[in-house]
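In what follows, a structure is listed as structure tokens, so that the remarks can point back to it.
The values are calculated or read from the model by the stated rules, or taken from the named source; none is laboratory data. Small disclaimer: the values here were computed from a predicted structure and weren't measured. All Cβ positions, glycine included, derive from the backbone under ideal geometry; neighbour counts span all protein chains shown. Just the protein is used for accessible areas: all its heavy atoms, side chains included, with ligands, DNA and RNA removed. Shrake-Rupley method; radii C 1.70, N 1.55, O 1.52, S 1.80 Å.
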Amino acid sequence: MSSPPVVLTVAGTDSGGAAGIAADLATIGHLGAHGACVVTAVTAQDTLGVHAVHPVPLEVVAAQLDAVLEDLPVAAVKTGMLGSAEVVRLVAERVGGVGLPLVVDPVLVATSGAVLGDSLVVAAYREHLLSVATVATPNTDEAAALAGCRGTPRALAGLLAARGQPVLLTGGDSGADLLVVPGCDPVLLRHDAVVTSNDHGTGCTHSAALATFLAHGAPLAEAAALAATYTAGQLHAGRRWRLGRGRGPVAHTVVPQEPGSG
């Protein structure tokens, strides 16, 4: 058996296991890659919300990045919660400079509504990280924060893509994502809309899946379509779970069922 591709996630922890590095590593492994991780923050988190955040010192984040990139044959990188402008700049410098596929999930607000990235973090994304990303995967609220204005999904994705890099604006329960590549017509990627309260970690799962499909060699548009289908399948698979008192986790460890099969 040949060695699996390595996908590196740079993100925060979720003590409830639904989002962040827990979701990323589960997704990466589920899709046949080896997951490596750089922890940017430790959170006290459950299905009800984020109760505390402990940032990892910048030099420790840098040491983790160096350890992974200097030892493992990383095929793709994804980012989640970075937490500070300094970490955003660090990732842009260390990862952007080596030419790896880079999926930037600009985690600014948790599913529960907790703010995970302030105005300085938003500015650092704009000035440093988006320009070196293979693709950014904001939802509509994150896209508005990064663009600095409100607008339709198509307008927001276009404003961000005008900076020179592709944008995959995730539609969540709308049943469609919008891929905008500079110089190309926007592509609407339809997927099943799943009605469920077990959606904690959806964005992490989606961006980790996208990075993993890129690591397996899929072109961006194909990887985006596969990631949308995979995420919808996992939401469907866990829609009847009863875990926690709030918004439950996306299913990460079961084979997805086809919608309508159960």
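Residue by residue, here is whether (1) open to solvent by 10 Å² or more (accessible area, probe 1.4 Å); (2) within 17 Å of the chain's Cα centre (by Cα); (3) of a type in the set (S, T, Y) holds:
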{"residue": "G97", "(1), (2), (3)": "yes, no, no"}
{"residue": "V104", "(1), (2), (3)": "no, yes, no"}
{"residue": "V121", "(1), (2), (3)": "no, yes, no"}
{"residue": "L130", "(1), (2), (3)": "yes, yes, no"}
{"residue": "T140", "(1), (2), (3)": "yes, yes, yes"}
{"residue": "G158", "(1), (2), (3)": "yes, no, no"}
{"residue": "V167", "(1), (2), (3)": "no, yes, no"}
{"residue": "P182", "(1), (2), (3)": "yes, no, no"}
{"residue": "D199", "(1), (2), (3)": "yes, yes, no"}
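Selection of first residues in the stretch 195-210 that are at positive phi and of second residues that are of a type outside the set (A, V, I, L, M), restricted to Cβ pairs under 7 Å at least 6 apart or on distinct chains, gives the following pairs, ordered by first then second residue: G201/P249. May I ask you to list the residues in the stretch 7-36 that are crowded, with 20+ Cβ neighbours inside 10 Å and in a strand (DSSP E or B)? Those that are crowded, with 20+ Cβ neighbours inside 10 Å and in a strand (DSSP E or B): V7, L8, T9, V10, A11, G12, G35, A36.
Residue pairs whose Cβ atoms lie under 9 Å apart, sitting 6 or more positions apart in sequence or on different chains, and linking a residue in the stretch 36-51 that is without any contact (Cβ under 8 Å) to a residue 24 or more places away in the chain to a partner that is among the hydrophobic types (A, V, I, L, M, F, W, C) and open to solvent by less than 30 Å² (accessible area, probe 1.4 Å), are H51/A114.
Going through (1) small (G, A, S); (2) over 18 Å from G97 (Cα atoms); (3) part of a helix (DSSP H, G or I) one by one, A63 falls short only on (2).
Within the group V77, V42, which residue is part of a strand (DSSP E or B), surrounded by 23 or more Cβ atoms within 10 Å (Cβ to Cβ), among the aliphatic types (A, V, I, L, M) and touching a strand residue (DSSP E or B) at 6+ places or on another chain (Cβ under 8 Å)?
The unique qualifying residue is V77.
Among the numbered conditions (1) touching a residue at least 40 places away in the same chain (Cβ under 8 Å); (2) part of a loop (DSSP other than H, G, I, E, B); (3) open to solvent by 10 Å² or more (accessible area, probe 1.4 Å); (4) touching a strand residue (DSSP E or B) at 6+ places or on another chain (Cβ under 7 Å), the only one that L82 does not meet is (3).
Kindly establish whether L210 is open to solvent by less than 60 Å² (accessible area, probe 1.4 Å), under 18 Å from G32 (Cβ atoms), modelled with pLDDT of 95 or more and assigned to a helix (DSSP H, G or I). Considered against the rule, which asks whether it is open to solvent by less than 60 Å² (accessible area, probe 1.4 Å), under 18 Å from G32 (Cβ atoms), modelled with pLDDT of 95 or more and assigned to a helix (DSSP H, G or I), L210 comes out as yes. The lone criterion from (1) touching a residue at least 12 places away in the same chain (Cβ under 8 Å); (2) out of contact with any strand residue (DSSP E or B) (no Cβ under 9 Å at 6 or more places or on another chain) left unmet by L160 is number (2). When residues in the stretch 45-65 are screened for being modelled with pLDDT of 95 or more, of a type in the set (V, I, T) and surrounded by fewer than 21 Cβ atoms within 10 Å (Cβ to Cβ), 2 of them pass.
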